[in-house]
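Comments concern the structure below.
Throughout, read-outs are computed from the coordinates displayed, never taken from laboratory work. Because the structure is predicted, anything quoted here is derived from the model rather than measured. Using ideal geometry, Cβ is built from the backbone for each residue, glycine included, and neighbour counts are taken over all protein chains shown.
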């Protein structure tokens, strides 16, 4: 299966020794990847990482879609021993047990961790795409992952699992390739974005675009719109976490005198310092154009586009077992949207387990709340291993 | 009582024919207004409007503090027949009935609708203060209103009522001048800002400060940081309203083709258009430096500064009757913060009525939800008229 793996002499930035690449054969082997909302990408590459061993009959594959921010590095490995974004969840003896399962995490098409994205070179022009990159849809993310797996010789999934944006991608995958998905896990996802969430993301995008350094997407790699990205990320962090968590964690604590800025409106409270630190850390790793495309893909996604209504779209899913997880403190993908997914699949006559967790960490709970998430995921994967 | 009213030959911008002014005599008649966190303002002016008739024994005065955004124009009048920000609440026969009460609404110190603010001329330099304006505190807002009333010959309030930032101002007023406040109404306020709310406001301020046109507060009046103000206001609007309201109102409706921008990331959804329209409308009226100072004053305010704890601060309030109103969908000043106010005053042995409304309009409900708010306020003011 490594025959179709791309040998990348010069690995794209923001990848590691653990990153592997598939050069997609394209739709029907044409080399062209036709985008869901129009436009064509050529020579598409999907970056991924994998853990565990593929079984002889290929019946133990778990495909993982992450959120907007992370790379394919969900978990550490010999090639890259640094902690992955879902380190507690994937690995030998862990809830998604790589002693049993072969786990693949793809870097989302359009993201900046090795998959083809707006910062990739357009073979037609020999320039980076920038905003000439075509409209990106969640359906493109699902299709590109499907192409990657096919090109790797994998035509069937034991489970597709996704969280946040990855939950949308996994929803798209499960309804676009229903015969190839035995089990389905969606966490803090949505069938479609609602206006509050659209407003948050739209404002993030506008903040980035208002940074003069953005330059309509034609910024040099060392002159990225950092200021706009920092502000947008702060807004993101505010939407990812929960007010009560911050109340318990920071309350009204002030930063120490030596960390306080002289600026009259500079950082004074610990919560401001926390946001500032994390936003700056993030923007060192992420490309602004990728952020815009991925963010908008979430706004545009609508399960109702697949059959005329949300329930008609969900009815396409044929998984033997579905697990839907929602978090009560999530303001970005609220629990009523998780129930909508569970109810729709159930209505179509498929078994669904709906779990609502009272994690305090808001939308980001799946990343940090091992205590609540690990047992639920472990039980699902243990129960369905030979199923 | 008009003897101390300032004759303003050149009315400041952003005032109308209905705006009246008091040139404060200053602390102890010195002309100096000493600020709560240090610094002195000279020649402070407070803009206000009033409705109704002052009774002979001055026992019918209602002082109204508004939120961050509005002017003193809470209600229409002959001088300014345009609708005020609380038009449904104040007027003849209305819940705060100007056939009975003499209602004064002050423009907050630091705001840009006629009261002394960062855009005022510093008499020491003959330049606009800009960021040389001293730190503004909610306590300064309360004290300046108190000075204004004293200079107008009013030394006692039937009721002080405030909403949002004005709720904080009314809290400060009631605990700083306990002997002069007979009744107290606070709506969607807080004894202190919690970290989620601090984060929202801190990010708004940073967005404004990141606009190159902000120029560290030294912008010309025709070169204001409009782009930053628009972005900050959009974030404000998102925090003022409620997700469910927008879900019902906009859902995923798209703007019509002719209103759609050509920009790949331009406005597509009605909710984006709504935010854009309202944010642009707002920034035409509001000064960026005022926004920064008022916003930060809310972060800094803490009832616990008055006595060592929130309850010790609340215990200073001596009002015969207090009405505390909270709204269940308010994410900025959540109901647990309203209960904290009510519980603290009750614990000190004063009568409190706590009303929790299920308005759908979030923090802004008091502005728009006449159906829920009017009866509660009407009943309070009717019951306490001769009390």
inquiry  = Pairs of alpha-carbon atoms within less than 8 angstrom and 6+ residues apart define the contacts here; what relative contact order does region B:196-294 have, in percent?
reply    = 30 percent
query = Roughly what would the spin-label model give for residue B:40 and residue B:254, points 7 Å off Cα along C-beta, in nm?
reply = 6.4 nm
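Give the dimensionless ratio obtained when the Cα radius of gyration of region B:102-251 is divided by 2.2 N^0.38 Å.
1.21
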inquiry  = Taking a point 7 Å out from Cα toward Cβ as the label site, list the nm distances between residue B:213 and the same residue in every other copy, smallest first.
reply    = 2.1
ask   = When averaged across all projection directions, what area in nm² does the alpha-carbon convex hull of the protein assembly as shown cover?
value = 34.9 nm²
note = Cα-based Rg and Dmax for region B:72-166, in Å, come out at 15.4, 48
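Pull out the extension gain between residue A:135 and residue A:30, defined as 0.36 nm times the separation in residues minus the alpha carbon to alpha carbon distance; nm, one decimal.
Working it through step by step, the gained length comes to 35.8 nm.
Beyond 19 Å, what share of the Cα-Cα pairs of region B:196-294 is found? Please give it as a whole percent.
For region B:196-294, the share of Cα pairs beyond 19 Å comes to 48 percent.
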query = In a GNM of chain B with a 10 Å cut-off on Cα contacts, which of B:73, B:280, B:363 has the highest mean-square fluctuation?
reply = B:280
Label point at residue B:382 placed 7 Å out along Cα→Cβ; residues across region B:53-92 whose backbone nitrogen lies under 17 Å = B:89-92
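How high is the relative contact order of region B:38-88, in percent, counting Cα pairs under 8 Å that sit 6 or more residues apart?
About 26 percent, as a whole number.
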task = Could you work out the relative contact order of chain A, using alpha carbon pairs under 8 angstrom and six or more residues apart, expressed as a whole percent?
result = 17 percent
task = Once the label point is placed 7 Å from Cα along Cβ, list for residue B:32 the distances to the corresponding points in the other copies, in nm, shortest first.
result = 7.9
ask   = Over chain A, what per residue volume does the convex hull of the Cα atoms give, in whole Å³?
value = 145 Å³
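What FRET efficiency would be calculated for the residue pair residue B:368, residue B:320, taking the C-beta separation as r and a Förster radius of 30 Å, to the nearest 0.05? Walk me through the numbers on the way to the answer.
Numbers: r = 30 Å, r/R0 = 1.00.
Between residue B:368 and residue B:320 the formula returns 0.50.
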remark   = Using the Kirkwood radius over Cα pairs of region A:256-350, the Stokes-Einstein translational diffusion coefficient at 25 °C and 0.890 mPa s, in µm²/s and rounded to a whole number, is 142 µm²/s
ask   = Can you sort B:82, B:170, A:50 so the residue with the fewest Cβ neighbours within 10 Å comes first?
value = B:82, A:50, B:170
Radius of gyration and Dmax over the Cα atoms of region B:157-221, both given in Å = 16.7, 48
key: Pseudo-label separations to other copies for residue B:79 - Cα-to-Cβ vector, 7 Å, nm   = 7.5
